[in-house]
1. Just rank Ile44, Ile3, fewest to most, by other beta-carbon atoms within 10 angstrom.
2. Please give the contour-minus-distance gain from Arg76 to Asp18: 0.36 nm per residue of separation, less the Cα-Cα distance, rounded to one decimal in nm.
3. For the chain, what does the relative contact order come out to in percent, with C-alpha contacts under 8 Å and a separation of six or more?
4. Kindly put Trp60, Trp8 in sequence by how many other C-beta atoms sit within 10 Å of each C-beta, fewest to most.
5. What would the Debye equation give as log₁₀ I(q)/I(0) for the chain at q = 0.17 Å⁻¹, counting only Cα atoms as equal point scatterers?
6. Ranked highest first by the average count of other Cβ atoms within 10 Å around their residues, in what order do 68-78, 21-31 fall?
7. Residues of the stretch 30-52 with backbone nitrogen within less than 12 Å of a virtual label 7 Å along the Cα-to-Cβ line of Arg66, please, listed as ranges.
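FYI, it's all coordinate maths here, none of it is from the lab. The structure presented is a predicted model; accordingly, all values stated were derived computationally and were not measured. Don't worry about glycine lacking a Cβ; one is built from the backbone with ideal geometry, like all the others, and counts go over all protein chains shown.
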Amino acid sequence: MAITDVTWRSSGACQGLDAEIFYPENEDHADFALSVCEHCAVRIACLNYALDTREQQGVWGGATARDRRKMLRQRRHTA
Ligand code: SF4
């Protein structure tokens, strides 16, 4: 899937929810967003998009920004 292809977004479990839920001021308050992502059919596409675009903010694909930074570090170490 090309990085510019974001058609998966319309199938996200977060559709219709308040976007602020996915951008908590404190990542320790991301539990509700993470629980929505857990049951999302496009979670992997969403996570890959956020990793590939180095998305700095919010919960994407069941991962907080902190989680994604860790994943990117691991990716670099295994590359
Ligand atoms: S994984 Fe989470 S943020 Fe991504 S589309 Fe699904 S519900 Fe929305």
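1. Details: Ile44 12, Ile3 9.
So the residues, fewest neighbours to most, are Ile3, Ile44.
2. Gain in length upon complete extension: 17.5 nm.
3. So the answer I get is 29 percent.
4. Trp8, Trp60
5. Log10 I(q)/I(0), no solvent term: -0.64.
6. On the way: 68-78: 11.4, 21-31: 13.0.
Result, highest mean first: 21-31, 68-78.
7. Answer for this model: 30-31.
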